[in-house]
Each structure stands twice: as structure tokens, then as C-alpha cells.
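Here is the structure we will look at, set down as C-alpha cells.
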2 protein chains.
Amino acid sequence: MAVAACWLAGALYLPTAQAEDGYELWLRYRPSATERANPYRARVSQLVATTRTPTQAAARTELLRGLDGLLGAAPPLSETVTADGAVIVGTPSSSPLIAGLGWDLRGAGPEGYLIRSAVVNGHSVTVVAANEDIGALYGAFHFLRLLQTGQPMGRLDLRESPRTQLRVLNHWDNLDGHVERGYAGASIWDWHKLPDYLDPRYTDYARANASLGINGTVLNNVNSNALSLTPMYLEKAAALAGVFRPYGIRVFLSARFSAPIEIGGLKTADPLDPEVQRWWRAKADEIYRVIPDFGGFLVKANSEGQPGPQDYGRSHADGANLLADALAPHGGTVMWRAFVYSHEEPDDRAKQAYTEFVPLDGKFRDNVMVQVKNGAIDFQPREPFHPLFGAMPKTPLMMEFQITKEYLGFATHLVYLGPLFEEVLAADTRVRGKGSTVAKVIDGSLHGYALTGMAGVANIGADRNWSGSHFDQANWYAYGRLAWNPSQDSRDIAEEWVRMTFSNDADVVAPVVGMMMGSREAAVDYMTPLGLHHLMGRGHHYGPAPWIEGGPRADWTSVYYHRATRDGIGFDRTASGSNAVAQYAPPVARRFGDLTQVPEGFLLWFHHVPWDYRTKSGRPLWDELVHRYTRGVDYVRQMRRTWHRLDGRIDPECHAQVAAFLAIQEKEAQWWRDASIAYFQTFSGRPLPEGYPPPAHPLEYYQSLEFPYAPGNG
Amino acid sequence: MAVAACWLAGALYLPTAQAEDGYELWLRYRPSATERANPYRARVSQLVATTRTPTQAAARTELLRGLDGLLGAAPPLSETVTADGAVIVGTPSSSPLIAGLGWDLRGAGPEGYLIRSAVVNGHSVTVVAANEDIGALYGAFHFLRLLQTGQPMGRLDLRESPRTQLRVLNHWDNLDGHVERGYAGASIWDWHKLPDYLDPRYTDYARANASLGINGTVLNNVNSNALSLTPMYLEKAAALAGVFRPYGIRVFLSARFSAPIEIGGLKTADPLDPEVQRWWRAKADEIYRVIPDFGGFLVKANSEGQPGPQDYGRSHADGANLLADALAPHGGTVMWRAFVYSHEEPDDRAKQAYTEFVPLDGKFRDNVMVQVKNGAIDFQPREPFHPLFGAMPKTPLMMEFQITKEYLGFATHLVYLGPLFEEVLAADTRVRGKGSTVAKVIDGSLHGYALTGMAGVANIGADRNWSGSHFDQANWYAYGRLAWNPSQDSRDIAEEWVRMTFSNDADVVAPVVGMMMGSREAAVDYMTPLGLHHLMGRGHHYGPAPWIEGGPRADWTSVYYHRATRDGIGFDRTASGSNAVAQYAPPVARRFGDLTQVPEGFLLWFHHVPWDYRTKSGRPLWDELVHRYTRGVDYVRQMRRTWHRLDGRIDPECHAQVAAFLAIQEKEAQWWRDASIAYFQTFSGRPLPEGYPPPAHPLEYYQSLEFPYAPGNG
């Protein structure tokens, strides 16, 4: 109690600079409520944990830091158990006590752990046991999370291990510090001062990721620069790898396919050229000399102007195998992206990845994974699952989610992506009957993949709060939790995050989780309802621009995707149109292709529908569109009210920033609604349904807006 | 005592995130040492200050925050004096108590203040009195500084007013967030979220500047973008102006001379064209509608590719007067930069500003100031004072210093610029006899200027510590203090800053001030000793590159400036050469032009000297060069040792960062020395003097280094 009083007193003296600015993420470790703190203190009377390896030290330091914050004082360290309430952390080889328990840890694998109540030396204790140090570190974070989220600690018997092997962040960070599609400031990698200066932030980055089980990071943009593979930059990457290593995080690099030409002085990058093969082998050897646990390469090839094997008439498999062969002796992996579309426009861009990759199934080396975006277009607010999932049984497919909100309102819109991720993972491909979910593709259980993984395009930048907004931290968090276990419930994840980030108080948790859970559907509503997609501003992707047409290629316009005419709207991807539906397994294809069966959220994704088409609500399509646009704005308005009521329950600086961002979101949601309605009305020719206010400005106003310096432009 | 114990206890619980990361700058307000805190508490028993205006509120809030931090508790507020130790802050119109004192405040002017011990209602009190609220705010910061620096408070009788009117920061910040020559991260202006989101950092920026008396800020780069003058961006600038206004800081904008064409749709930007004149008047009217206290325009014209009046055959005066006439009705000022050099290369770039501007003396409107860099080339580690100072008696000249260390080691080199600023300000132009210092030109006393001012190119960015390093904060600080009073001693300023930033402990203050005071000379030594200049990498200006030649123009090379040959080195600017010396007043010209009189620090700036020339040390020139290069590196090594000894006396996170940066500085100082010696030795053909180690690598190694992503490139 004295300590708690001290804390409160201290808080009054803290200047603004130390307000809750979000830097600590979900690892805030603020004092637990008294009614919980006392029982917890009884369960955490001493800590038995060794520090003979850097990872062991990281676990013990984190436990001391966390328990100190949560309980007001760190427990004393002890060599052995001398009292009830000891917490023992380690592996059979690091801890004789754990070895003595004789538990069967085989099921935990190299990264899993048990957290169990037990009796040791006649004392009731809690044991965090793992096969490897990294498992113990993960378990330590889990143990802290139990306290952070106010869980009962009476009789613990938890068993966790990750369902995927590679849980990777992709940073689209350029060497000049710009983050493509970044809305949280510049890159956190200070390449200029590396390798000599190791910003403490790098360690905090590793801690945050390890707390989620993220075990890999691709440091540089998939639109890559060959200089990242030169000795000067490898030395810098190695310095980061050294910081991350104790936290179980391996460094990967995006590799530019033409690097043999650009930095190798070769005349070609042809994957079948022996000199090229030699160059990549030598480069891999060089990398592993400075980064012994280097993870491998991520490659964007023959897509949006990037070089690739097709420049030499070779296939994606030829390209991926070139790099795979170079990495194989060292145990590295190639993550080859399936986000490709050729210079020649196909009839439907949505079909291209499938068309190019399915014939290559089985042609990739064992250490190649194909990394597939969740949908076939590009991280839209809602897309049906990518038809490649389930279609390449012999090739390990990784999920690529976008955590950064390129198409979902940048940093200021409160859009919790957990439900989006969950919706995709839970989607049923039907390729091996019912229950053939995307999650089972990803975790390898459907096709028996030897490699499994998930990638998330990071939303991390130099902004003090890492992600550009407090709530965008939840998207990093949800990605990490789902990468560990793709079957988790996004609401449970949201609740965990809210408890750790804001408060365990039910009066805070329930409304904030409520706001979050509906927020993605709201964004779909005010941006692209009913299956509309790709209607944003050109280049920067900021704000509505359904009128975009012309330019270098049709599939970079909006009109290509919505196909609105006087008679209707939507992209016919049925047999009468592009027949993209045929890329799905027959039961799915039938459902998506049938106007009476298609989920309404995908209506205009798959069908061109007349304006007077009767939707499930009974409203004609046009009225339903207007209704949904409006409903999206209303949801944001409601979030503002909810948040306003939480004033005084949340740190003032944090509350004020979220409130300001919600005001921006409401303004921009209204802008999306009004601009979209004004534009589509020129096709529908229909009045707004009664009670729905007209757009605030004429269409020309919305079309006149320009944002040449909107952030994140690639 | 209980409170102090609480503080210490609290400190143990603070996670890394709240270590001393430099965010608080010199306004840390950490608890005073007990032996000082108790007497201070007796002198600060209550606070009498009103908050009827935003500036009054800012002053009172700052005092409460500062005293709370320094003394462990804020004094109670009181309506009147009821005890010894009251502190009264205000103006005769805001405070009847101050009015009642009947003090003569005329000398204080609109921004000055008195801080005096007095007796009020029979109690001994301290009074901070000013004519205007802003003076009281400045006085409040001064009062806090007395406590922060551990000054005795017994019998105060301080009187301060600024010696210059405009004390302005120039931000070279682009609308895309890049800061030209910025080494502290991206721009702090989040243009995308403005005007809706007002980052609390904007307020802290204003506080920091107000604490120094800085009263203006130019938000955007002198290499400017006309979009800054469009309604969308003016609304954003207005939002910032609203944050800054209570702190006495007015917003200025860099104006692009061709804006009438680019955003006005005119065919010309000719300053004598009536339509152009109308456009600028209308633009000024528009700006003042949204920013009623707008400060005015900063203009870089006809320099390095920027448009300007010479594009139409008009003079700089024609251009400046165009904008001045538009601003005049609103009280705005034009700051017209003298940093010009034409597309045609002159015989000596150092001469050009003088040649172009002196004939225009007297031709500028009353609300025009000409802003002159401290030297005639470009912010080199050492330059002689600019010959324009003293040469334009009818035109108010502003000093332009560069706070950001474009040529002085970026963020990682510890180089305290106070001595550089002081050296220039103390330089004697001799134009009105001895004592005609540059400071007296700047403060208006020499020529009776009606307008006076100083500009500093900001070193501020989104890095947590604002300036890229802890020690670079001292350069912002020193600039601000010297803008207020150009005659201040740079050592005194350093000591103040060290006390506020690190500690009042003499064992810290003395060594740190010592490090700082010699650091600029060390940089001159290891980069460009004896008057050498402009020998850095091309474009990014990172690292040594005395071999740079070729390219679009000779005066963008290094060889143009050092002119090394087999027979000697240096730029002959005497009558036998470019005769740039003739631009100075005769006594100065004689001194600089005479090899026996020229200060050795300017030797090779003004003279081409044989390699065996005997320097004042008795060493031949070549040996002296090698000696100085080496001495510079040695100084850095010594700073590292000194800093190492301070371990434990400085916050660990702060200490570690400085230590890492000093290690980088030593490495780079060695690089400068070695590369320069290796290069110049190819001309001198002489061996290194005994005991001086040879360069670590052959010249070709240094020449092969490339840094395409060095930060801050323009």
C-alpha cells in the first residue's frame, strides 16, 4: 500500500514527457489492482531462474521488470525453492528442479512451454518449463500476461506451442528511412548509425515481438535495393541480428533478383546461369559468415516493375530455387511472393497469381515457401480468401497479412484487423472437404507441409508509439498472436490487448473491445461496402477516388474494379465474366458464383448487379449501398461517443490522441461516404433513400482534392 | 525528505522507456540537491500569478511544473502575498501588486523583464515583472533557470531584455517530412494530420523555444514548395501558429518566388508585373486572415536553382520589395537570404553575395531584412566572418547560423557550436573603427538598424531527443541564448546547459564544459585545419572527400577550394588571387591579406602557401597540417576518456548513447585525418613527421567509399 501511494504521488510529478505515450506497448506492467495484487504476491514469492545464456537473461530480466511493475516489487531471486509461491523458469538442462520434475516436454517442441502449478521441495510453486531457452522466454511472457490480464493463478496447467514455424514481420523500409505504406514515421532502422550505435529501441522491438512469439523479421522493403546485400549493409544487419538473437528473432533480407548485375558486376541475373548461381552461393556464404543464424530471403520478383526470372524466360520456381540452393547449406529459407502481375494485363488481375503459380506446384525446392497475400487483389478492407490457398498442396504457402493500414485509413482510423485476419483464416477452401480452412493450409495440417509460416507487413515506425496510433498496436499484437495460433478468436485477442494496454476494469474493457470488434466492418461500410474494392486515391491510396481511370494500366484504376454503368455495378467474376470463381474448389466456386448464394460481403466482388437488385435487407442495391456507407459513418460517430465516456478512465494524453484521431476518422468516413455516393449516383441516377442526407459537396469538389504528400507513398 | 525517498523508490520502477531519453531537453526540472532545495523552498513559499491570458497560463503552468520537479512540490497558489517567499509574476496590468510597486519598466521593452527581491505586504518576496505577458513568461523561465543551475537566490536584481527583435528558427523541412540537412529524424511537423491533430510535442517545442526567447519559426524549407501557400497548408500552419502563440512564437513561411505561376495560374512571377503584385497582396491578405500574427516570408531566390527576380532581369531588391509591399499592411517582414550564387561561376564564390548585395544597400523596403550566413561559403567548420557584415549600413542584416551540423559531423560528433557562434559575433569588422563587431551589426547598434534579428537553421527532428544527440541540444540552446544577447560568453552558456541537462555537480560540470569548449576546434582540426574548407563528400556532405572534382560546376568541388599542387596548398584570396580580401574594411583586408598577419586559422582560406612554409609552431606547413589533423583525433579520444569517467554520474541510457556516439566520432575523426593526409600527401610528397602514424588505408580505399543514403541529403 505504501508503495502504491508512492506510485500515485510520483505520477503527479511526472512531466508530460512521461505521460503514457504508447512507447511501452502492451508491456506496460502497471500496478495490478489491489484485490488481485495480493493473491499474486502470494503466488510470486521468489524467482528461480538462471542467466547462463542471453535468452535466459532476457527471460529473467523481463520477469523482474514485469513483476516489479505489476506487484510493486520484484520477487527475490533464489537458487532453489524455499517457500510457497516460488516461480521456476527454465529447461531441463538449465534447471535441475525442472529436470527433477520429469515432465514429458516432447509435445512442446523447440518453442513451446508448459506453465503448471506443482509442488517442489514441499512448496507449492509455479513452473514455466520448456525444452529450449526460447520456449522459457515465451513462457515467461505468457506468465506475465496472466497477471497483466488479471487471470486467476490458482491451479495452472497451460501448454502452448506455436502452430506455425516462421512468424515473420515484413518491414517495407527503404535504406533512406522511408517506409513504404508506413504511417508511423520513418524507419526504426537507423542504418546510418549502424552498426556502431545500437538504439535501445531495437531491444524493445525484440521484446515486444518475443512477447508474441514472432521469430523473424525481414529488415528491408520487398521493393528492394541490392545495396542491402553489400558488406557495409550486411555488417549493419548483423548488428541488429545480434540484438535480436537472445529474443529468438532471426533476421531475413529482401533480395533484389538483379543483385548479381547491380552489385556483382555480372552481365545477367539468369537463374540458370552458372556464374549467377555461383554468385548467390558466395553471397549466401558471406552473409552466414556475419549472421550465422540468418533466416533467408524474401523476394518480390516480376511484379510491379521488380526484376525476376521471367526477364530471362525462366519461371518463378527457377528463380526461387536459385536462391534456395544458395541458402540450403546454411539452413536458410526463401519466401517467394505470389503477389505478381505481369506487364501484360490479364482479363482479371485477381486471377493472375493462381494462373502463374499453380502449374509450379511441386517444382520448388524444400526450403522455399510461397508467400500469398490474404486476397487476390491487394489487402483491401474485405477480400475473399486467395484462391491459391488449398491449390498448391505440394508447396508450403505462407500467409501474408498487411498490418499497416494502407487501405484501411492509415494511422488515424481505428480499425482493428483481428476480425479481418480471423475471417480469412477461418475461410473454408473445401479442397479436402468441409473444414479445409485457410488456417489448416497455413499451419500445414491440411497438406502436410514441412514448412509453415505467416508474414505480416509491419506497421512499425519511429513514432513514439511505434504504430502511429495507440489502437494500431492492437493490429501488431493480433497478427503476432494469430501467427502463433491461427485459430485464436480475435475478440479474445482484443480483450487481452485492451487489458494490457488500457485497464482490466470491466467498464473499460467491454466498451473498448466493443468498439474494436465492429470497427473493421465499419471501415468496409464507409469505404467499400458489398464487395466493392480498390477505389482509393491513386498512388498514395489516401481517401476515396472511385472515379480514377486512365493511366498506364487499367488494373491500376478504380473503374476497372467497380465497373459501374447505368445498369449496375460490380465485377462479373462468374463464368459469364472473368470466371475467377473457377479458381476456387467447386463448392466454393458454386457459392461465390451464384447470385443467390454469394455472401453479401462479396456481392460486387463476384457479380455485376443491377441498381434495383433486391438485397437481403429487402432494399434495392442502390439503397443498400447508401445505407451501408451511412452505417459506417454512424459507427465511427458511436465510437467517438463511447470513447468520450471513457475520459478519466484512460491516461489523459493517450485519451486525447485517440479522441483527436476518432474525430479525423469521422471526418474521413463522411468524406468516403459522400464522395462515393456522389460518384455512384451519376450511374444509378437514383435519389438517396429517405432520411439519408445528401453528400456535403458536389462530386467535383471531391474530385478536385489532391494530396501529393500523403504519407507512405511507395 | 519523504517525498525525495519516494522519488528515488519510484525511479527504480520506471521501465527503460522512461529513462532519460533527452525529450525534456534543458527543462528537466529534476529535484535540486537537498542543500539547495531547502533554501529554495523558503524563497518559493507561494505563487501569485494570474491566468487570464493563454500566455499568463503558460507562465504559471511552467512555474508549477518546474517548481514541482525541482523542489518536490509545487508552491500553493495565492491571490496575494501572505508569507515570506512569495513569488509574484506578471505585468502592471495583470497584477495589482506589481502595479503597486511602481517600478520603471520602460527599459524592459515589450519582451524584457525584471527579477527582483522586494518587500510586499511586509513580506520578502521575489517579483518577476514585465510590461507584457510574454516578458513575464520569459522571466518565469529565467527564474526557473536560476534554480535549475543552482544559483543563490538571496538578493535578486536582474534585468533582461533581448538585444535583437527577431530570434528565429529556420526549419529546412519539406512537406514530405524529409528535413534537408536534418540528422534528427523526420520533420516534427505532421502535415498530414494537421490541422486536426495537434501533437503535444508542438507545445513542448514552443516551451523549449520560449525558454530561450526564440520568438519566430519558419516552418518550411528555404528550398520551398509553393503548395505551402495553398489554403490547405495555410490552415495547417495556422493550427501550429495557434499552439505557438501563447509562447510568443510567430509563424513564418518560406515563400517560393514562382508561386504566382505554380499555384496562382499566372504566366510570370516578374516582381514588376502588376498582376504578380496583386497576387502577392491577395495571398498576404489570405494568410493574415488565418494567421493574424503571421511573421512574414523567408526567401531563397536565385540561388542553387531556386527561382527569383533575376529570372526577369530584376534585382534582389525588386524581389524582396514585392513581398514586402504585400506584407507591409499587416506588419509582416521579409527575410531575404544573401546566400546566392549565380549559374555563371564567378572567379571566387566567396565574393558573390557581397558583389550582388552591396550595390543594393538602401534600396530595400523598411520591412526587409537581408539574412546573411556567418561566412561567405557555407557553414564550414571555420570561416572568416561574412564581408557583408558592416558593408550594408542602410539595410538591416540578420545573422544566419546553422545549428544543424551539416558540415560538423551530423548527429554523432560532439561539437559544441557556441565558440563558433561567439567567434563570428565577436569578429571586428572595423568599418566604424575598432569594436565594430559583427554582434553590433546584428543588434543594430552599429548602423542604427530599425530591424534586428538572428536566424538559426534548426537541428530539430522527430528523434526522441529532438536534436539527434544529447549534446546537439546544446547547440539549439546556445543559438537561442546568443540570439537574445549576441555578446554572451559561450562558456557561460555551456555551463548553464550542462547544469540543466546533466547535473549541478562540479565533478560533472567542469569536465563536460571542458569537453564542449574544445570540441569545435577539434572538429576544425580533424576536418579542415588551417583555413581549409569545403572538402566533404559530394551531395550528402558526409565524411572527407578532398579529391572531389568535376561535375556541373567547379565551385561544387573540393579541389576548387584547396587548390593543392606540388608547390603548395590554399586559395589565394589576396590581391594576387581573387582579391576577396578587398571586400573587408581596409584594416581587416590588410590583416587577412598579409601572410605574416593572417590568423593561422584562416591561413589557407586566404593564401596559397608552399608546403615548407614555416608556421607559428615552427613546423613546416605539411607537418603542421599533419599535427593538427592528429591533434583533432586525439581530442576526441580524450573526450571519450573523460566521458568514460563520468559513468555512474549521468543517467545510464544517456551516458551509453553519448559514449556510443563518441566512439563513432573517434572513428570518423580518424577517417577524416587519414583520408586527408593520404590525399594531400600525393601533392606534398613529404613523409609524415616522426611519431605520427600513417593512414590506416591507402588513398584508394577512402576514395572508394560511397554513402548514397547518408541522411539529410537535400
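Points to keep in mind about this one:
- Cβ-Cβ distances below 9 Å connect the following pairs, each with a first residue in region A:445-468 that is within 11 Å of chain B (Cβ to nearest Cβ), a second residue that is part of a strand (DSSP E or B), and a separation of six or more residues or different chains: A:G461/A:D173; A:G461/A:V179; A:A462/A:V179.
- B:A239 vs. criteria open to solvent by less than 30 Å² (accessible area, probe 1.4 Å), part of a helix (DSSP H, G or I) and closer than 30 Å to B:A136 by Cα: yes
- Selection status of A:E160, farther than 29 Å from A:R464 by Cα and in contact with a Pro (Cβ under 6 Å, 6 or more places away or on another chain): no
- All positions within region A:536-560 that are farther than 18 Å from A:P708 by Cβ and part of a helix (DSSP H, G or I): A:A554, A:D555, A:V559, A:Y560
- Whether a residue is at pLDDT 95 or above and open to solvent by 10 Å² or more (accessible area, probe 1.4 Å) was assessed, and A:N485 passes this test.
- Pair list, Cβ < 9 Å and 6+ apart or interchain, from region B:681-710 residues that are within 14 Å of chain A (Cβ to nearest Cβ) and exposed (fewer than 12 other Cβ atoms within 10 Å of the Cβ) to residues that are part of a loop (DSSP other than H, G, I, E, B) and of a type in the set (A, V, I, L, M, F, W, C): B:P708/A:L175
- For B:L158, the criteria (1) touching a residue at least 12 places away in the same chain (Cβ under 8 Å); (2) closer than 26 Å to B:M335 by Cα; (3) aliphatic (A, V, I, L, M) hold in every case but one, which is (2).
- Verdict on B:V179 being within 14 Å of chain A (Cβ to nearest Cβ), of a type in the set (V, I, T), under 30 Å from B:V438 (Cα atoms) and in contact (Cβ under 8 Å) with a residue 60 or more places away in the chain: yes
- Test for B:D525: is it part of a helix (DSSP H, G or I) and at pLDDT below 95: no
Rundown of residues vs (1) of a type outside the set (V, I, T); (2) farther than 24 Å from B:P599 by Cβ, yes/no style:
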residue	(1), (2)
B:E624	yes, no
B:H627	yes, no
B:T630	no, no
B:G648	yes, yes
B:H655	yes, yes
B:E668	yes, yes
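- Just one of (1) more than 29 Å from A:R365 (Cβ to Cβ); (2) touching a residue at least 60 places away in the same chain (Cβ under 8 Å); (3) under 13 Å from the mean Cα position of the chain (by Cα) fails for A:A474. It is (2).
- Filter pass, A:A37 being touching a Pro at 6+ places or on another chain (Cβ under 6 Å) and open to solvent by less than 60 Å² (accessible area, probe 1.4 Å): no
- Among residues that are without any contact (Cβ under 8 Å) to a residue 60 or more places away in the chain, farther than 26 Å from B:F683 by Cβ and out of contact with any strand residue (DSSP E or B) (no Cβ under 6 Å at 6 or more places or on another chain), B:R590 is included.
- When residues in region B:632-653 are screened for being outside any helix (DSSP H, G or I) and within 14 Å of another protein chain (Cβ to nearest Cβ), 1 of them pass.
- Candidates in region B:268-291 are the residues that are among the β-branched types (V, I, T), part of a helix (DSSP H, G or I) and open to solvent by less than 20 Å² (accessible area, probe 1.4 Å); of these, the one that is farthest from B:P231 (Cα to Cα) is B:V276.
- Selection from region A:361-378 of residues that are touching a residue at least 40 places away in the same chain (Cβ under 8 Å) and either open to solvent by 10 Å² or more (accessible area, probe 1.4 Å) or assigned to a loop (DSSP other than H, G, I, E, B) (or both): A:K363, A:F364, A:R365, A:D366, A:N367, A:N374, A:G375, A:A376, A:I377, A:D378
- Only helices (runs of 4 or more DSSP H) whose full extent lies in region B:12-101 are considered here, and the ones with at least 2 residues that are within 13 Å of chain A (Cβ to nearest Cβ) are B:54-71.
- Selection status of A:Q597, more than 20 Å from A:F680 (Cβ to Cβ), at pLDDT 95 or above and not in a helix (DSSP H, G or I): yes
- Qualifying residue in region B:516-524 (condition: among the hydroxyl-bearing types (S, T, Y) and under 17 Å from B:S676 (Cα atoms)): no
- Any hit, region A:619-628, residues being open to solvent by less than 20 Å² (accessible area, probe 1.4 Å) and either within 14 Å of chain B (Cβ to nearest Cβ) or part of a strand (DSSP E or B) (or both): no
- The residue that is nearest to A:R430 (Cα to Cα), among those in region A:545-578 that are touching a residue at least 60 places away in the same chain (Cβ under 8 Å) and among the polar types (S, T, N, Q), is A:S578.
- Taken across region A:392-403, residues that are within 21 Å of A:G518 (Cβ to Cβ), open to solvent by less than 10 Å² (accessible area, probe 1.4 Å) and at pLDDT 95 or above do occur, with at least one present.
- Residue in region B:561-572 that is surrounded by fewer than 20 Cβ atoms within 10 Å (Cβ to Cβ), among the hydroxyl-bearing types (S, T, Y) and assigned to a helix (DSSP H, G or I) present: no
- So A:S187, is it in contact (Cβ under 8 Å) with a residue 60 or more places away in the chain and closer than 17 Å to B:F707 by Cβ: yes
- Positions within region A:143-176 being among the polar types (S, T, N, Q), within 14 Å of chain B (Cβ to nearest Cβ) and either buried (at least 23 other Cβ atoms within 10 Å of the Cβ) or under 28 Å from B:H655 (Cβ atoms) (or both), in sequence order: A:Q148
- Subset of region A:183-236 [facing another protein chain (nearest Cβ under 10 Å), of a type in the set (S, T, Y) and in a helix (DSSP H, G or I)]: A:T203, A:Y233
The values are calculated or read from the model by the stated rules, or taken from the named source; none is laboratory data. Every value quoted in this text rests on a predicted model; they were computed, and no experiment measured them. Note that each Cβ is placed from the backbone with ideal geometry, even for glycine, and that neighbours are counted across all protein chains shown. Ligands, DNA and RNA are excluded from the accessible area calculation, which covers all protein heavy atoms including side chains. Shrake-Rupley method; radii C 1.70, N 1.55, O 1.52, S 1.80 Å.
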